[in-house]
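Enquirer: This structure is in structure tokens; I'll ask about it shortly.
The values are calculated or read from the model by the stated rules, or taken from the named source; none is laboratory data. The structure presented is a predicted model; accordingly, all values stated were derived computationally and were not measured. Because the Cβ atoms are built from the backbone with ideal geometry, glycine has one as well, and the counts that use them run over all protein chains shown.
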Amino acid sequence: MIPTSRQFKENAGRALKDTELQKALFRVDKNFTERRARAVKNLPEFESLRDQGVAIKNHVLDHLDHYLEVFAENVERAGGQVHWCSTAEDARRMVLDLCRSVNARSVTKGKTMIGEEISLNPYLAAQGIEPVETDLGEYIIQLADEPPSHIIGPAIHKTKEQVSDLFLEHHRRYGKTKRLTEGEELVGEAREILRPRYLAADVGITGANFLIAETGSSVIVTNEGNGDLTQTLPKMHIVLASLEKIVPTLEDAATLIRLLARSATGQQMSVYTTVSTGPRRPGDPDGPGQYHVVLLDNGRSKLLGSAFRDILRCIRCGACFNHCPVYASVGGHAYGWVYSGPMGSVLTPAIVGIAEAHHLPNASTFCGRCQDVCPMRIPLPSMMRHWREEAFAQDACTWRERMAIRGWAWLARRPRSYRQVARLVASYLAWRGRPTGRIADLAFARGWTATRDLPAPAGRTFLDLWRERGRT
Amino acid sequence: MTRDAILVSIRDALGRGPLGAEARDLVSEHIRRHARNLVPDRGNVDADTKVALFSRQIQETHATLEYVATTDDVPGAITRYLSGKNLPAKVVLAPALAKLPWNEQPLLETKVGATRGEDAVAVTGAFAAIAETGTLLLTSGAESPQTLHLLPEHHVVVVRRDQVVGSMEDCWDRLRAQGPLPRTAMFVSGPSSTADIELTHYLGAHGPRRLHVIVVDR
Ligand code: SF4
């Protein structure tokens, strides 16, 4: 997907005025956060499991080269193949070559964020191979020709009415001419339309929540079972995964699985958690004849040695999205790339570059909720702060931002001038706010005053008040 | 080779060369020992409590459940399930269950083997069941086609009491005791569902719409 993160401000402005989107975002905030809180409360060991999850991933990252080699060996031992790809382009081409090797005409896809990251669908389509998304959310946004707006619920920004319209428009060619209004019916129709597609597909492509070094397995977690149909019915199964998905053992996977579903949807376990190892065995009556893992770096190995290394612990649960006041206001599309929310604000600049994504680390109030709920205890706010510094250092911010930051730095280092300026500003604002105590329009703060009043300060600075009360 | 380039890039970032023999051994030992991490206490209970815990929790995920005394009672339970749901008396069986006394149900039509979606009701066994979370473990293999676990609208799973374990870790132990992992080991907690439309929960997204569990006492 071509990033549009540069337009974050414009995107966000539009999102704030989109009433349907605002309703959808309210649902996210309410549903996910309450369910997660309940799930966490029901597992007394949750905090200790978080610590262990962090330790497992840190250990893997320290020895990533070795675990990847062990993983690859074990995939091959089980009859599969691993394809190492440095860039998105390498990975796309590899998937295409694999599809061509079995003369594939259509592929079914389970939800894969890496597939989005490398823009696989348009690429395959341009080569005459039809990609069919099977996760209901992904299917909906494929029909709408939109990117996902949330890593767990790609279509949560769509209302039921919008889904009804999309289905009516696109299912006409299957002879479905009635506009459905009940959710139950919509789910049923998607099931009916997609079932033959699963059976007809030549290749099934899934992502992986984990790759297990010990056994050479890939693990997917879904509620719909679409990923399982995708990886079972075609003659070839391709797993798309990035390097850092590795965990050492089945036991380590169990620990992370306990964290994942609870953090994501508040379930103890998602409906389906499936460990796949290699292709169909002798005697197996079903399953794919070939099993391939396309292993993508796309800049991650470099991150290992950077200040952003901890983001590689991310298990893509979406909890940080669900608890973020900025995400809850603007939704996922505003971020302009595959990954949104706090996690996207850290990862996107690392992959598409800070020049493109310099707005994202600013899309934070630094309230810290993301870090509080992140099962992998990733210090998201401090990494966003780090990106801000990086953006400044690399000249990625605007002239006005630079001047403002310079001016602030100058002032903050000169306490006497600082106090004088603060005093001036405070009394000016207090004067502007008379008689209501509110300011309706302020030249340098139109971003704020365009939509709401700015409360006027008391007129005297804190230090002045402090001194006046004799507390020096 | 891309593989080497990636490995070198990782090592550069980590500021070291390839792991020395000693470090490699340590890491390999971590895999060989595959020690358990913290396992929640909840599943650490006696056998009867495990069965009760499993039963309660899987029903909370919208599955239904019943108990029968012996495996010989399973065909009768299936007939009752079908007529209770107004379904045609026709099922596809996992080969593992083919030896049950199906002929005692003369009106029930059975076939054995994998499916391509033409069957409405599948009856299969399980490899294990987990008390901690109310989860079934279904493995693929000659005796248990994976398509039966996914394509039919109704999936009936027969579990013996002694298959109910405490945790996922207990499942790993049992799987390892069998040899290499089967092609798929699928943990199932309830019927297929989705919340992709307005975050409302609907059953029967792509997999089975109904999941029925029969727990066999002996
Ligand atoms: S950063 Fe943490 S909370 Fe956010 S998706 Fe990743 S693991 Fe989940």
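Enquirer: Just one of A:Y174, A:Y198 is in the same structural domain as A:V82 (by TED's automatic domain parsing) and either within 21 Å of A:N31 (Cβ to Cβ) or loosely packed, with under 15 Cβ neighbours inside 10 Å (or both); which is it?
Expert: Sole residue among the options that is in the same structural domain as A:V82 (by TED's automatic domain parsing) and either within 21 Å of A:N31 (Cβ to Cβ) or loosely packed, with under 15 Cβ neighbours inside 10 Å (or both): A:Y174.
Enquirer: For B:P88, which of the numbered conditions (1) within 9 Å of another protein chain (Cβ to nearest Cβ); (2) modelled with pLDDT of 95 or more; (3) outside any helix (DSSP H, G or I) fails to hold?
Expert: Going through the list (1) within 9 Å of another protein chain (Cβ to nearest Cβ); (2) modelled with pLDDT of 95 or more; (3) outside any helix (DSSP H, G or I), B:P88 breaks only (1).
Enquirer: Can we say B:G15 is facing chain A (nearest Cβ under 7 Å) and either under 24 Å from A:S301 (Cα atoms) or touching a helix residue (DSSP H, G or I) at 6+ places or on another chain (Cβ under 8 Å) (or both)?
Expert: Criteria met by B:G15.
Enquirer: Keeping to the stretch A:292-320, report how many residues are within 13 Å of chain B (Cβ to nearest Cβ) and either within 18 Å of A:G368 (Cα to Cα) or not β-branched (V, I, T) (or both).
Expert: 17
Enquirer: Looking at (1) within 16 Å of the ligand (Cβ to nearest atom); (2) touching a helix residue (DSSP H, G or I) at 6+ places or on another chain (Cβ under 6 Å), find the lone condition where A:D286 falls short.
Expert: Unmet condition: (1).
Enquirer: Next up: Take B:T139 and decide whether it is hydroxyl-bearing (S, T, Y), at the interface with chain A (Cβ under 7 Å from one of its Cβ atoms) and under 27 Å from A:V239 (Cα atoms).
Expert: It is false that B:T139 is hydroxyl-bearing (S, T, Y), at the interface with chain A (Cβ under 7 Å from one of its Cβ atoms) and under 27 Å from A:V239 (Cα atoms).
Enquirer: Out of the stretch B:109-160, which residues are in a strand (DSSP E or B), farther than 24 Å from B:D217 by Cβ and hydrophobic (A, V, I, L, M, F, W, C)?
Expert: B:V112
Enquirer: Suppose we filter A:E192, A:E224, A:E184, A:E214 for residues that are surrounded by fewer than 23 Cβ atoms within 10 Å (Cβ to Cβ) and within 10 Å of chain B (Cβ to nearest Cβ); which single one remains?
Expert: Answer to the selection: A:E184.
Enquirer: Let me ask you something else. Out of the residues in the stretch A:31-77 meeting the condition of being assigned by TED's automatic domain parsing to the domain that holds A:A254 and within 21 Å of the chain's Cα centre (by Cα), tell me which one is surrounded by the most Cβ atoms within 10 Å (Cβ to Cβ).
Expert: Across the stretch A:31-77, the extreme among qualifying residues is A:G53.
Enquirer: From the list A:V275, A:V247, A:V239, which one is away from the ligand (no atom under 16 Å from the Cβ) and either facing another protein chain (nearest Cβ under 7 Å) or touching a helix residue (DSSP H, G or I) at 6+ places or on another chain (Cβ under 6 Å) (or both)?
Expert: A:V275
Enquirer: Only residues that are within 8 Å of chain B (Cβ to nearest Cβ), without any contact (Cβ under 8 Å) to a residue 60 or more places away in the chain and either over 28 Å from A:R77 (Cα atoms) or part of a helix (DSSP H, G or I) (or both): list them for the stretch A:253-272, please.
Expert: Of everything in the stretch A:253-272, those that are within 8 Å of chain B (Cβ to nearest Cβ), without any contact (Cβ under 8 Å) to a residue 60 or more places away in the chain and either over 28 Å from A:R77 (Cα atoms) or part of a helix (DSSP H, G or I) (or both) turn out to be A:A254, A:I257, A:M269, A:S270, A:V271.
Enquirer: For a quick check of your reading of the model, give me the residue pairs whose first member lies in the stretch B:26-50 and is of a type outside the set (D, E), whose second is at pLDDT below 95 and buried (at least 18 other Cβ atoms within 10 Å of the Cβ), with beta-carbon atoms closer than 8 Å and at least 6 apart or on different chains.
Expert: So the pair list comes out as B:V27/B:L19.
Enquirer: In the stretch A:63-180, which helices (runs of 4 or more DSSP H) lie fully inside it and hold 1 or more residues that are out of contact with any Gly (no Cβ under 7 Å at 6 or more places or on another chain) and of a type in the set (S, T, Y)?
Expert: A:64-77, A:88-101, A:120-126, A:136-144, A:160-171
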